[in-house]
Amino acid sequence: MQHPAFDKNLYIARRKALAASLGKDGVAVIPTASEQPRNRDSDFLFRHDSYFYYLTGFTEPNACLVLFGNGESTLFCQPKDLEREIWDGYRLGPDSAVAQLGLTQAHSIHDIDKLLPVSLENAGVLWYPFSTHQGLTQQIEGWLKTVQSKARSGISAPQQLRDVCVLLDEMRLIKDSNEIALMRTAAQISAKGHIRAMQFCASSLQDKFALREYHLDAELLYEFRRQGSEYTAYSSIVASGANACVLHYRADKAPIKDGDLVLIDAGCEFASYAGDITRTFPANGRFTKSQRAVYDVVLESQYAAVSATRSGALFTDPHQAALKVLAKGLLDLGILDRSEHGGVEDVIEHKHYFPYFMHRTSHWLGMDVHDCGAYTEPVGTGEKRPLSPRILKPGMVLTIEPGLYIRPAPDVPEEFHNIGIRIEDDALVTSGECELFSRDVPVDPLEIEQLMA
């Protein structure tokens, strides 16, 4: 997969849109992420801050964007340093940043404490991301103190501090055509990784290979990178047998045995956008009767949730649609006793399903795998408007991921013990039926068995 060419006009337009919301006397300060030490003389692989990248397309560390209500923009970034570039790699530098990124001006990050306070002089509102960057609040206070020290000269400091994420979250919630194209690619690559892992799993067991979870994790990563992804969008979950009942289990060293189910929740990151797919499959390529019975319930619940995902629906509608199917399935399978728990509505009202399905069906997806954006919005008129679940609109992207996780318990039929199943796809809300980005890897149990044969 070829990475898209950098288009500075895309980021200029986003900055212009944000600037229009800052107010004429508003200034926004948006830093990128900090490098994080892994151990002595070694850092974790750097990944830029998503808000910062959304506005700049700039991937180097040690940078900060300053945006003004009049649309002007300043970047503070690492200066050119040929000696450091020998060790750490190429730097764009302030002189080249203006033209290449479409900025008003750029300076060395080493000058930020001297120059940024000047940008705040006589500004009315200072916008910055609250509670996202360690030490940023202290920096902000230092810059404000510098401005306040000039009060006798008739210079005022901003009187209001506001969270710029409130504005950016709304912008990022609706994906543009460029973002949608990137997310389609991320999902396509992610699907290829899943297919590779599923087929490798079955063939390895046929060859009597001592297969472990980390072997499938390696197959996923190999395919992601081979297809042009930079890295995984999150730590891959590869859970065999009872481990599939642990929601945030990481790929570890447990053996994968003939007869196990394997749950893989994995997605790649492509051009800073995440894929997020979960598939559950029989390690040997053939579902047992009990595994298939539970799988069919989860798959039917996902179909119901997909049908409920459309423009004008509430964010909670897919979850409620999935719940009805899961509740009925738990009763039909005898995992919940009708004489004790009642009918479907009773199971839902009293949350009798909760020991077996304890998470929501969806989350936003974008540059972050759990992407930004509120799940509720105010309704009606007046100052204190009540909050309602968010109304879905075209351009929103969310996951649809129901599941059942059945741990051993005295009242649960033994044939279902330690079965954990989740099915997850990435859905784009449209004016009609939602578009599933991630169905290049099958969900139908017969198609899964055929794929792994």
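Computed from the coordinates by the stated procedures, all read-outs in this text should not be read as laboratory data. If you're wondering where the values come from, they're calculated on a predicted model, not measured in any experiment. Here the Cβ positions follow ideal geometry from the backbone for every residue, glycine too, while neighbour counts run over all protein chains shown.
So here's what we get for this one:
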read-out	value
Length-normalised contact order of the chain in % [C-alpha pairs under 8 Å, at least 6 apart]	13
Theoretical gain in end-to-end length, ASP41 to SER131 [0.36 nm per residue, Cα-Cα removed]	29.6 nm
Highest average packing first - 145-157, 18-30, 225-237, Cβ atoms within 10 Å	18-30, 225-237, 145-157
Binned Cα-Cα distance frequencies in the stretch 90-141 - 10 Å width, integer %	19, 41, 37, 3
Entries in LYS253/LYS289; LYS328/LYS384; LYS208/LYS328; LYS192/LYS257; LYS8/LYS150; LYS80/LYS175 that, when Cα-Cα distance is taken, lie over 32 Å	LYS328/LYS384; LYS208/LYS328; LYS8/LYS150; LYS80/LYS175
Highest average packing first - 422-432, 437-447, 340-350, Cβ atoms within 10 Å	422-432, 437-447, 340-350
Cα lying deepest toward the dipole's positive end in the chain, options MET198, VAL441, LEU330, charges on Cβ	VAL441
Estimated translational D of the chain in µm²/s (Stokes, Kirkwood radius over Cα pairs; 10 °C; 1.306 mPa s)	65
Most positive-pole-ward Cα, GLY420, TYR375, LEU365, against dipole of the stretch 362-453 from beta carbon charges	TYR375
Overall Cα dimensions of the stretch 70-113, principal axis frame, Å, largest first	39, 24, 12
Extension gain (nm, one decimal) between LYS114 and LYS208, 0.36 nm per residue minus Cα-Cα	27.3 nm
Between helix 177-206 and the chain: long-axis angle, C-alpha atoms, 0 to 90°, nearest 10	40
Helix-only CD estimate at 222 nm, as mean residue ellipticity for the chain, using -39500 (n - 2.57) per DSSP H run (n ≥ 4)	-11500 deg cm²/dmol
Inter-label distance for ASP252 and ASP7, nm, one decimal - labels placed 7 Å from Cα along Cα-to-Cβ	4.5
Cα centroid separation - the stretch 140-173 against the stretch 256-303, whole Å	48
Debye, to nearest 20: dipole size of the chain, +1 on Lys, Arg Cβ, -1 on Asp, Glu Cβ	760
Full-stretch length increase - ARG292, ILE391 - with 0.36 nm per residue and alpha-carbon distance subtracted	32.2 nm
Leading residue at positive end of dipole, the chain (Cβ point charges), from LEU261, PHE354, PRO158	PRO158
Cβ-placed point charges (K, R +1; D, E -1), dipole of the stretch 15-102 about Cα centre in debye, nearest 20	300
Dimensionless Rg/Rh of the stretch 8-172 - Kirkwood Rh, Rg from C-alpha atoms	0.97
